[in-house]
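The numbers here are math on the coordinates, done by the rules we state, and not lab data. Owing to the predicted nature of the structure, the values given are computational and were not obtained by experimental measurement. Methodologically, a virtual Cβ is constructed for each residue, glycine included, from the backbone with ideal geometry; neighbour enumeration extends over all protein chains shown.
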Amino acid sequence: MSNFKKLIVACDGESGSGKSTSAKLISKKYKLLLINSGLIYRYCSKLILSNKPKKIIPFLKKKIKKISYKKISQQKLHSEEISRHVGILAKNQKVRDIVNKVQKKIIKSNNRICVEGRDIASKILAHKPKYDVAFYFKCKLDIAAYRRWIDLKKIIPFKEVKKSLKQRTNLDKKRKNSPLVKVKDAILIRTDQLSKKQVLNKMSKSIEQLKN
């Protein structure tokens, strides 16, 4: 399964669309380094919410330099407070530049990688290096919200979770800088219509076709 010398996979999608779970599954199957760009943005949000710096750009530049992606991935970053904050923060081009620099540094040193986010195929892996295969994830809002509600152990009211997901996706699609879009050659994955096994099979089939 993992006999690719080089394999660069882009996973983009709407909030709560199942892209994180799917990216984990495909990364495990093909033994790829998994980078979740959303976690880096969420970490930036956590730093700002916790420290309330007067000038966020120099503050983030200094903080991001000192931490590894591994440490970021071990943080608790999925609170509703961070979820509400991160969509607004991600609109800031200077913040995006900081996060993009971190991502590209990791990507350039790994030729077997899966990168998950909202502007991966359209921006981060659009060229040098370019993705070998791109996936775009969608899920009906009610189903996405229910899954997220369960993940949050029903602590937050379902209506609030649904509203938050809807707002985040609208922010992502309408923002001026690197909006969420489906690139022409991205393979659409509807996680509201497929089981995890079916999603993995569909993604694997597309990857295996790269050998031909």
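Structural descriptor for the chain: relative contact order 35 percent, calculated from alpha carbon pairs under 8 angstrom and at least 6 residues apart. Only helical runs count toward this figure. For the chain, summing -39,500 (n - 2.57) over DSSP H runs of n ≥ 4 and dividing by all residues gives -16000 deg cm²/dmol at 222 nm.
Under a Cβ-Cβ cut-off of 13 Å, what is the net charge of the residues other than residue 85 that fall near it, where Lys and Arg count +1 and Asp and Glu count -1? That sum, taken over residues with Cβ under 13 Å, equals +4. With the simple spin-label model, which puts each label point 7 Å out from Cα in the Cβ direction, the residue 155 to residue 80 separation comes to 1.0 nm. Ordered by the count of other Cβ atoms within 10 Å of each Cβ, fewest first, 68, 122, 45, 206 give 68, 206, 122, 45.
Here's how it looks for residue 34: its modeled amide H is under 5 Å from those of 114, which are all 5 or more places away or on a different chain. The magnitude of the dipole of the chain, with charges of +1 and -1 set on the Cβ of Lys/Arg and Asp/Glu and taken from the Cα centre, is near 720 debye.
Near the amide H of residue 13, within less than 5 Å, lie the amide hydrogens of 117, 137, all on another chain or at least 5 residues away, with H placed in the peptide plane.
Computed from backbone phi, the HN-Hα couplings of region 123-134 come to 10, 5, 10, 5, 6, 6, x, 9, 4, 7, 8, 10 Hz, rounded to whole numbers (Karplus: 6.51 cos²θ - 1.76 cosθ + 1.60, θ = phi - 60°; Gly and Pro given as x).
Here the 3J(HN,Hα) profile of region 156-170, calculated from phi with Karplus coefficients 6.51, -1.76 and 1.60 at θ = phi - 60°, is 8, x, 3, 4, 5, 4, 4, 4, 4, 4, 4, 5, 5, 5, 4 Hz, Gly and Pro shown as x. Put simply, the C-alpha atoms of the chain give a gyration tensor, and the ellipsoid matching it has half-axes of 26, 22, 15 Å, longest first. Exposure proxy for 192, 12: other Cβ atoms within 10 Å of each Cβ, ordered fewest to most, give 192, 12. Taking every DSSP bridge with both residues inside the chain, close to 0 percent are antiparallel. The charge dipole of region 61-167, taken about its Cα centre with unit charges on the Cβ atoms of Lys, Arg (+1), Asp and Glu (-1) only, comes to about 500 debye.
Fully extending the segment from residue 193 to residue 28, taken as 0.36 nm per residue of separation minus the present Cα-Cα distance, adds 57.2 nm.
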